[in-house]
Amino acid sequence: MIFDNGFLFVLGRTLELNAAIHDGAIMIGRSVSMLPYYIVGWSYRLFPPQGACKAEPNRGSAFNSCLAMSNVETVDRVYLISKGGVFRFKKSIAEELWR
């Protein structure tokens, strides 16, 4: 499915059907920069390359995995949605969007 304004509805509906889906990454990608983004997979574990960036102390494994994945050349951005807030990661920089 294309990643658009309907995503939040789909996410909410999916969580109703399978609450465990929240415990993993939703992959959204595109083959070339001129095309729209598509949902390409649900509930992935992130395994960033060793030494992709320095972990931040006391932020947790999900936060630090997102931070490291954001430094991978083929990754545009990584978002973390958790009870602690919403964060956007780009090139090893974390920005808090909502708390």
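The values are calculated or read from the model by the stated rules, or taken from the named source; none is laboratory data. Nothing here was measured: the structure is a model prediction, and the numbers come from that model. For neighbour counting, all protein chains shown are included, and Cβ atoms are generated from backbone atoms with ideal geometry for every residue, glycine included.
Yes or no: Phe89 over 13 Å from the mean Cα position of the chain (by Cα), surrounded by 14 or more Cβ atoms within 10 Å (Cβ to Cβ) and in contact (Cβ under 8 Å) with a residue 12 or more places away in the chain? Outline the logic, then answer.
On the way: over 13 Å from the mean Cα position of the chain (by Cα): no; surrounded by 14 or more Cβ atoms within 10 Å (Cβ to Cβ): yes; in contact (Cβ under 8 Å) with a residue 12 or more places away in the chain: yes.
Answer is no for this residue.
When you check Ser70 against the structure, is it within 26 Å of Met1 (Cα to Cα), under 10 Å from the mean Cα position of the chain (by Cα) and surrounded by 13 or more Cβ atoms within 10 Å (Cβ to Cβ), yes or no? Don't jump to the end; show me each part of the working.
Details: within 26 Å of Met1 (Cα to Cα): yes; under 10 Å from the mean Cα position of the chain (by Cα): yes; surrounded by 13 or more Cβ atoms within 10 Å (Cβ to Cβ): yes.
Judged against the criteria, Ser70 is a match.
Please verify whether the range 76-90 includes one or more residues that are in a helix (DSSP H, G or I) and aliphatic (A, V, I, L, M).
We begin by selecting, within the range 76-90, every residue in a helix (DSSP H, G or I); these are none.
No, the range 76-90 contains no residue that is in a helix (DSSP H, G or I) and aliphatic (A, V, I, L, M).
Spot the failing condition for Glu73; the list is (1) outside the structural domain of Gly24 (by TED's automatic domain parsing); (2) closer than 29 Å to Arg13 by Cα; (3) not hydrophobic (A, V, I, L, M, F, W, C), and only one is missed.
Of (1) outside the structural domain of Gly24 (by TED's automatic domain parsing); (2) closer than 29 Å to Arg13 by Cα; (3) not hydrophobic (A, V, I, L, M, F, W, C), only one is false for Glu73: (2).
Consider the range 29-62. How many of its residues are modelled with pLDDT under 90 and aromatic (Phe, Trp, Tyr)?
3
What's the number of the only condition in (1) touching a residue at least 12 places away in the same chain (Cβ under 8 Å); (2) in a helix (DSSP H, G or I) that Phe9 fails to meet?
For Phe9, the failing item is (1).
What about Val40, is it within 17 Å of the chain's Cα centre (by Cα) and either surrounded by 13 or more Cβ atoms within 10 Å (Cβ to Cβ) or more than 19 Å from Phe87 (Cα to Cα) (or both)? It would help to see each step written out before you state the result.
On the way: within 17 Å of the chain's Cα centre (by Cα): yes; either surrounded by 13 or more Cβ atoms within 10 Å (Cβ to Cβ) or more than 19 Å from Phe87 (Cα to Cα) (or both): yes.
The answer is yes for Val40.
Has the range 26-33 got at least one residue that is surrounded by 13 or more Cβ atoms within 10 Å (Cβ to Cβ), part of a helix (DSSP H, G or I) and of a type outside the set (Lys, Arg)?
Narrowing the range 26-33 to residues surrounded by 13 or more Cβ atoms within 10 Å (Cβ to Cβ): 26-30.
The next check asks that each one be part of a helix (DSSP H, G or I); those that pass are none.
Taking every residue of the range 26-33 in turn, none turns out to be surrounded by 13 or more Cβ atoms within 10 Å (Cβ to Cβ), part of a helix (DSSP H, G or I) and of a type outside the set (Lys, Arg).
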